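Have a look at the structure below before the remarks.
The values are calculated or read from the model by the stated rules, or taken from the named source; none is laboratory data. Every value quoted in this text rests on a predicted model; they were computed, and no experiment measured them. Positions of Cβ are backbone-derived with ideal geometry, glycine not excepted, and every protein chain shown enters the neighbour counts. Accessible surface areas use protein heavy atoms only, side chains included; no ligands, DNA or RNA. Shrake-Rupley method; radii C 1.70, N 1.55, O 1.52, S 1.80 Å.
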Amino acid sequence: MAGRGKLIAVLGDEDTCTGFLLGGIGELNKNRRPNFLVVEKETSVAEIEETFKSFLSRDDIGIILINQYIAEMIRHVIDAHTLSIPAVLEIPSKEHPYDASKDSILRRAKGMFSTDDFR
């Protein structure tokens with residue numbers, strides 16, 4: 001990765017992945033592993049979890065975008081990730097709106113500040 005920035009990885013439904021791929025995020029690493037996973041109805045939770053963990057272990061990924069409804073399937077793994085890089089961002093999908101109360105990263109960030117910090 002000398003001279004290059006880190007990649008964005010995506011775990012999402014077909015519409016989400018397609019949008020980001022059209023935006024140019026698609027890459028293969030030196031082992032020919034993509035930086036995205038299209039999650040379909042037949043995709044197992046084990047495959048989602050395995051892919052997420054593989055993204056966490058890759059040194060070429062700086063941000064992981066994941067549809068929030070998919071994040072709910074592997075919440076225990078996301079909650080266990082405490083490093084700042086790669087950053088994990090939960091995003092809405094066309095079929096599932098964003099719910100801030102379910103976003104563990106947002107809850108963790110809010111917990112770092114008291115309500116007095118925002119007055």
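Here are a few things to note about the model shown:
- Residue that is surrounded by the most Cβ atoms within 10 Å (Cβ to Cβ) [pool: residues in the stretch 82-108 that are more than 13 Å from the chain's Cα centre (by Cα), within 18 Å of THR18 (Cα to Cα) and among the charged types (D, E, K, R)]: LYS94
- The stretch 1-47: number of residues that are open to solvent by 90 Å² or more (accessible area, probe 1.4 Å) and either touching a Phe, Trp or Tyr at 6+ places or on another chain (Cβ under 6 Å) or among the polar types (S, T, N, Q) (or both): 1
- For the residues GLY19, GLY62, the requirement of being over 12 Å from the mean Cα position of the chain (by Cα) and either free of Cβ contacts under 8 Å to residues at least 40 places away in the same chain or not in a loop (DSSP other than H, G, I, E, B) (or both) singles out GLY19.
- Selection count where residues are farther than 19 Å from CYS17 by Cβ and either of a type in the set (Phe, Trp, Tyr) or part of a loop (DSSP other than H, G, I, E, B) (or both), scope the stretch 41-59: 1
- Residues satisfying the stated conditions in the stretch 84-103, i.e. free of Cβ contacts under 8 Å to residues at least 24 places away in the same chain and not in a helix (DSSP H, G or I): SER84, PRO97
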